[in-house]
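What follows is one structure encoded as structure tokens, with my remarks underneath.
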Amino acid sequence: MEVDDEGRARCPDCGEFAVETMVSPLTGSLIRRGPCCENCQRKRDEAEKAKEKERALAKARYRRENIETLMGRAGVSKRYLGCSLDNYRGKVPDRRPAFITGPPGIGKTHLAVAYLREDLLAHGEEHCRFLRTVDLLKSIRDSFDDRSGDSEKRLLDYYGARVPFLVLDDLGAEKVSDFVLQTLYDLLDRRYGECLDTLITSNLTLEELAVHYLGHGDRLASRIAGMGPTLILRGKDRRWQG
Ligand SMILES: [Zn+2]
């Protein structure tokens, strides 16, 4: 190691005598105290930061340019790929609801998909999934064919604990059974416990859902109510609950 009068070694990168050195108390030999000189380190940090920013920008650009592909992969069907907050016909709420209720055709799914689009743009495709409630229940029921119960557990683990933002569309349209009620409750309770965001749409109100599930839906309805604000769409009239 080449050292100047002040005990500083030559930096291998810039060639300046700038690397702090010290004599090792154990071996008596000269050792470097830093990885490089401060100047080079600063330049390296700045370059790394610029690269990181570049990567983030590239990622955001990729998401914007491929948003419909990403939405499709997240589970949104073709019909709804164009849905965004910008082209939503109603007034866009100032916060994202956890439950949207209203009659068919009023734009519940449009709004839910629009929030999913925002989430995808902000966080990327691993962050969110869109599921019709009937499809979720069907895939869980189909997983029973695997007798071990592993795949059912895997599905509940995945949707219950690993998807940060889940849209569950059209709750209440499925055929009611104890299995359905228990599965939905388990899933939502799990997500609630994991502090994950869920957005549910339904033609039924929370009060109607409570009755819908064989009269045992009140637990489910109160779990949903606890997950965040409810948005009620009713023609041009909309109001918040919770
Ligand atoms: Zn240097």
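FYI, it's all coordinate maths here, none of it is from the lab. Remember, predicted model here, so these are calculated numbers, not experimental data. Cβ atoms come from the backbone with ideal geometry, glycine included; neighbour counts cover every protein chain shown.
Counting only Cβ charges, +1 for Lys and Arg and -1 for Asp and Glu, the dipole size of the chain around its Cα centre is about 980 debye.
The count of lysine pairs in the chain that are at least 8 places apart or cross chains, and whose C-alpha atoms lie under 27 Å apart, stands at 19. In order along the range 23-29, the Karplus-derived 3J(HN,Hα) couplings, from 6.51 cos²θ - 1.76 cosθ + 1.60 at θ = phi - 60°, round to 8, 5, x, 8, 9, x, 8 Hz, and Gly and Pro are given as x. Bridges between two residues of the range 68-241, per DSSP, are antiparallel at a rate of about 25%. Note on the range 143-205 and the range 1-57: Cα centroid distance 54 Å, given to the nearest whole angstrom.
For the chain, the 222 nm mean residue ellipticity estimated from helices alone, with every DSSP H stretch of n ≥ 4 adding -39500 (n - 2.57) and the total spread over all residues, rounds to -13500 deg cm²/dmol.
Positive end of the dipole of the range 68-241 (Cβ unit charges, origin at the Cα centre): among Y115, Q182, V163, the Cα lying farthest that way belongs to Y115. Under 5 Å between amide hydrogens, built in the peptide plane, is the criterion, and for I100 it picks out I200, T201, S202, L231 among residues at least 5 positions away or on other chains.
The value given for the chain is a Kirkwood hydrodynamic radius of 21.6 Å, derived from the mean inverse Cα-Cα separation.
A protection proxy built from the mean count of other Cβ atoms within 10 Å ranks the segments 159-165, 174-180, 53-59, most packed first, as 159-165, 174-180, 53-59. Taking the dipole about the Cα centre of the range 20-61, with the C-beta of Lys and Arg at +1 and of Asp and Glu at -1, give me whichever of L30, C40, A58 is farthest to the positive side. Highest projection toward the positive end goes to A58. So what's the angle, to the nearest 10 degrees on a 0 to 90 scale, between helix 178-193 and the longest Cα principal axis of the chain? So the inclination is approximately 30 degrees. Taking amide hydrogens as placed 1.01 Å from N in the peptide plane, the amide H of L30 sits under 5 Å from those of S24, each at least 5 positions away in sequence or on another chain. Database remark: amide H of C11 closer than 5 angstrom to the amide H of E16, F17, A18, V19 (H placed geometrically; neighbours at sequence offset of 5 or more, or on other chains; Pro and chain starts carry no H). Here the Karplus relation 6.51 cos²θ - 1.76 cosθ + 1.60, evaluated at θ = phi - 60°, turns the backbone of the range 152-166 into coupling constants of 4, 5, 4, 5, 5, 4, 5, 6, x, 9, 10, 9, x, 9, 10 Hz, with x for every Gly and Pro.
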